[in-house]
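Q: Just passing along the structure, written as structure tokens.
Values quoted throughout were computed directly from the atomic coordinates according to the rules given, and no laboratory measurement underlies them. Everything numeric here is computed off the predicted structure, so don't read it as measured data. Positions of Cβ are generated from backbone atoms using ideal geometry, with glycine treated the same way; all protein chains shown enter the neighbour counts.
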Amino acid sequence: MSSFVWAASSNLNVNISGLKSPSTSVLIIVVLTVLSIAPSLLVLMTAFPRVFIVLSLTRNALGTQTVPPNQVLAGLSLILTLFIMAPVLSTIDHVAIQPYEHGQISATQAIDQGEVPLKQWMLKQTNDTDLGLFTSYRHENASDPMTLPLTTVIPAFVLSEIQSAFLIGFMIFLPFMIIDLVVSAIMMSIGIYMLPPTLISLPFKILLFVLVDGWALVVHSLLLSFNH
């Protein structure tokens with residue numbers, strides 16, 4: 001009888017201890033969730049949103065619905081993002097990654113030191129109004145933006161990037177809109193109503209874009225739009 005009680009109590013202890021620590025399946029789910037969110041966070045903390053939105057708006061302004069395809073625009077945006085972020089990435093490697101690999105600092109110190117160059121770059125691109133929106137909601141002191149957490153800086157940075165991208169896109173749309181208006185006025189004046197004006201103006205927009213080396217101009221404007 002005593003041996004049965006001891007076996008039952010030991011079995012109960014094992015079950016209770018198993019409930020205190022997370023199971024392997026739960027840990028796998030947590031790790032997969034973090035890995036699925038991490039790329040999105042990294043993309044939102046770089047120049048990728050502005051670059052991709054501007055390139056997409058340029059395609060829409062041309063009137064070519066699927067040319068260049070999304071894969072090409074995303075690949076070009078990624079390459080341009082790496083080019084723009086190269087100085088920041090090299091600084092992070094110098095102050096955080098290399099010291100951590102050589103055992104000079106701990107992982108926590110590496111994260112804290114690597115966060116500083118990225119946050120400095122993000123704050124340079126962030127509008128004060130967007131930053132003030134989130135700091136006022138969280139009742140945080142915005143006198144020293146470097147002391148703000150990334151949970152406040154990131155959404156303000158993303159909003160500023162979207163606004164900057166749409167301002168650049170507006171300037172890109174203007175010449176193509178003028179071409180559409182001119183072609184539409186000419187077609188109405190000569191009495192052509194069978195064909196849509198956008199179909200007639202599309203070759204002229206593509207020709208103008210090629211003659212002025214439009215993609216290079218768009219990329220040049222993007223590079224100049226970032227504060228270093």
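Q: Compute the distance in nm between two label points, each set 7 Å from the Cα along the Cα-to-Cβ direction, one at Ile111 and one at Ile206.
A: 5.1 nm
Q: Taking the Cβ-Cβ separation of Leu199 and Ile37 as r and a Förster radius of 35 Å, what is the calculated FRET efficiency to the nearest 0.05?
A: Numbers: r = 43 Å, r/R0 = 1.23.
E between Leu199 and Ile37, to the nearest 0.05, is 0.20.
Q: In nm, to one decimal, how far is the modelled label at Phe83 from the one at Met146, with both set 7 Å along Cα→Cβ?
A: About 3.0 nm separates the two model spin labels.
Q: For the range 77-118, what is the relative contact order in percent, using Cα pairs closer than 8 Å and at least 6 residues apart in sequence?
A: Taking the mean separation of contacting Cα pairs over the length of the range 77-118, I get 42 percent.
Q: Let's test the formula: R0 of 41 Å, r as the Cβ-Cβ distance of Ile28 and Met177. What FRET efficiency results, to the nearest 0.05?
A: The pair Ile28/Met177 has a calculated efficiency of 0.20.
Q: I'd like to verify something in the chain: which complete DSSP H helices, judged by Cα projection on the helix axis, reach 24 Å or more and average at least 1.0 on the Kyte-Doolittle scale?
A: Helices meeting the criterion: 24-44, 70-92, 150-189.
Q: Quick one, which of [x] 22.9; [y] 14.8; [z] 13.2 is the actual mean projected area of the Cα convex hull in nm² calculated for this model?
A: Checking each listed value against the structure points to [x].
Q: Can you tell me, using C-alpha contacts under 8 Å and at least 6 residues apart, the relative contact order of the chain as a whole percent? Write down the numbers at each step before the final one.
A: Values: 148 pairs, mean separation 52.0, N = 228.
Rounded, it is 23 percent for the chain.
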